[in-house]
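Contents: one structure, followed by commentary.
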Amino acid sequence: MTQTLQIGRINQLMIERKSDPGLYLKAGDGEEVLLPNAYVSITMEIGQMVEVFIYTDSEDRLVASTRMPEARLGEFALMEVKDVTSFGAFCDWGLPKELFVPVKFQKTPFKIGQKRVIRVSLDEQTNRLIGVEKFGKFLTARRPDFAIGDAVALFILASTPLGFKAIINNRFTGMLFHNEVFEPLHVGQRTKGYVKEVRMDGKITLSLRPLEDGDGFAKEKILTVLRANGYALPFAYKASPEEVYAHFGLSKKAYKRALTQLQAEGVISLNDEGMRFIGA
């Protein structure tokens with residue numbers, strides 16, 4: 001059971017009591033929320049656990065729904081503009097109450113019928129869910145700690161001459177180059193992807209297919225740098241993340257794993273003085 005009601009998220013709640021407008025559901029802390037009759041099925045009974053989405057109704061009251069939106073809090077979706085006013089626009093996100101996108105969070109003025117990539121966010125002043133098209137501040141520029149071959153969730157953000165720009169795990173951005181795309185893709189699509197490379201500047205290259213040997217890429221990077229530096233380097237496991245990126249363009253996690261495998265394979269030796277190439 002969800003301990004406290006979480007707006008914008010999926011909640012596991014218990015059916016507490018019946019009322020004329022619907023069923024009241026209870027969270028672990030005792031707080032209740034209405035599940036309107038429109039979402040009540042004949043199989044629902046008092047004491048039963050149900051999975052619902054929590055948002056606010058037209059009167060800004062918390063309300064539950066068994067119908068799920070196209071995006072939850074912190075997620076992205078391609079939404080159609082249904083109405084436009086002087087103070088904002090209303091977009092279809094799969095629920096009866098459309099998602100409001102204030103003018104200040106729009107990149108350019110919205111027009112009815114357009115489709116825009118929107119992030120579902122929480123207005124902390126009003127505790128309402130709103131849509132944000134200016135979502136750059138929600139995508140971190142911090143260097144990610146992905147390992148080569150890691151599986152990630154992708155949202156296709158844009159089509160470019162180089163390929164497709166994607167949002168990774170709702171936090172980072174990366175690129176699917178055309179030579180890594182073997183199926184039709186479109187803006188707004190969600191799919192699974194894999195980290196192919198994390199560059200020294202933090203930019204991420206993606207693949208739609210599992211890498212046959214994700215660690216192989218990291219090992220080859222290390223061996224390439226070793227060959228270019230006289231087959232020896234004055235650091236090994238104790239290298240800082242900054243040194244690892246500066247020399248290899250790898251995350252510290254991928255680097256350490258590759259070192260361990262290369263040593264086990266008898267390709268390199270490791271000691272306090274660093275690493276040395278010893279085998280083919």
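The values are calculated or read from the model by the stated rules, or taken from the named source; none is laboratory data. The structure displayed is predicted, hence computed values, not measured ones. Note that we place each Cβ from the backbone using ideal geometry, even for glycine, and neighbour counts take in every protein chain shown.
At a glance:
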quantity: E70, sole failed condition from (1) part of a loop (DSSP other than H, G, I, E, B); (2) in the same structural domain as L122 (by TED's automatic domain parsing); (3) among the charged types (D, E, K, R); calculated: (2)
quantity: Sole exception among (1) assigned to a strand (DSSP E or B); (2) surrounded by fewer than 13 Cβ atoms within 10 Å (Cβ to Cβ) for L129, by number; calculated: (2)
quantity: L233, sole failed condition from (1) out of contact with any His (no Cβ under 8 Å at 6 or more places or on another chain); (2) of a type outside the set (F, W, Y); (3) not assigned by TED's automatic domain parsing to the domain that holds P161; calculated: (1)
quantity: Elements of type strands (runs of 3 or more DSSP E) contained in region 10-56, each with 2 or more residues being in contact with a strand residue (DSSP E or B) (Cβ under 9 Å, 6 or more places away or on another chain) and among the polar types (S, T, N, Q); calculated: 10-19
quantity: Options T140, T160; residue that is out of contact with any helix residue (DSSP H, G or I) (no Cβ under 9 Å at 6 or more places or on another chain) and within 18 Å of R116 (Cα to Cα); calculated: T160
quantity: Scope region 87-116; condition aromatic (F, W, Y) and part of a strand (DSSP E or B); matching residues; calculated: F90, F100
quantity: Single unsatisfied condition, T56 versus (1) within 24 Å of F155 (Cα to Cα); (2) touching a Leu at 6+ places or on another chain (Cβ under 7 Å); calculated: (1)
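Residue by residue, here is whether (1) surrounded by 14 or more Cβ atoms within 10 Å (Cβ to Cβ); (2) under 28 Å from the mean Cα position of the chain (by Cα); (3) over 30 Å from A71 (Cβ atoms) holds:
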position: R199; (1), (2), (3): no, yes, no
position: I204; (1), (2), (3): yes, yes, no
position: F217; (1), (2), (3): yes, yes, yes
position: L223; (1), (2), (3): yes, no, yes
position: L226; (1), (2), (3): yes, no, yes
position: Y231; (1), (2), (3): no, no, yes
position: V244; (1), (2), (3): yes, yes, yes
position: K256; (1), (2), (3): yes, yes, yes
position: M275; (1), (2), (3): yes, no, yes
